[in-house]
1. Hey, among the residues in the stretch 101-121 that are modelled with pLDDT under 85 and among the charged types (D, E, K, R), which one's least open to solvent (accessible area, probe 1.4 Å)?
2. Identify, please: which residue in the stretch 44-76 is assigned to a helix (DSSP H, G or I) and among the β-branched types (Val, Ile, Thr) and is, among those, modelled with the highest pLDDT?
3. For the stretch 46-63, does any single residue satisfy the condition of being in contact with a Gly (Cβ under 8 Å, 6 or more places away or on another chain) and either at positive phi or open to solvent by 60 Å² or more (accessible area, probe 1.4 Å) (or both)?
4. Looking only at the stretch 11-37, count every residue that is modelled with pLDDT of 85 or more and within 13 Å of residue 89 (Cα to Cα) and tell me the total.
5. List every residue pair whose Cβ atoms sit under 6 Å apart, with the two residues 6 or more apart in sequence or on different chains, where the first one lies in the stretch 64-79 and is under 21 Å from residue 17 (Cβ atoms) and the second, anywhere, is open to solvent by 50 Å² or more (accessible area, probe 1.4 Å) and not in a loop (DSSP other than H, G, I, E, B).
Amino acid sequence: WKIDQNSITLAELAPLPVILASSSAALRNTLNRELAMRGLEIKHSFEVIQVQTMLAFAQAGLGVAILPQIMIPQPLDETLQALPIVDPVLERNLCLITLKGNSLSPAARELTSLIVNRFRGIIGSSN
């Protein structure tokens, strides 16, 4: 299912065999809501829990995997391609939560900095 384009829509995904995350995954709930709003149904071939399983199934040609950009390995295996879903753009909010009134330890500050910089890199690269 190599697609010769830079992005894909949910309508274009609908007829393809799709490898989906477990129904308990946050992305799955967002995806189901957006599909329902558009009157679309995706025929899912497989429902899996682990991202590595999704990628292995996609690499074996069993379908296309839908996963958050943060979960796409870098560099991506040359046999795979990653296309952003553009209609609709599937988004979610993430928050870092700390104990109010307490300072973070140096290790916690460093971890927070790494997380923020990682997400800034992903957000910046998708625009």
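The values are calculated or read from the model by the stated rules, or taken from the named source; none is laboratory data. Owing to the predicted nature of the structure, the values given are computational and were not obtained by experimental measurement. When we count neighbours, we look across all protein chains shown, and the Cβ atoms used for this are built from the backbone with ideal geometry, even at glycine. These accessible areas exclude ligands, DNA and RNA; they are computed on the full protein's heavy atoms, side chains included. Shrake-Rupley method; radii C 1.70, N 1.55, O 1.52, S 1.80 Å.
1. 118
2. The qualifying residue modelled with the highest pLDDT is 53.
3. yes
4. The qualifying residues number 1.
5. Here the result reads 79/59, each pair linking the stretch 64-79 to a residue that is open to solvent by 50 Å² or more (accessible area, probe 1.4 Å) and not in a loop (DSSP other than H, G, I, E, B).
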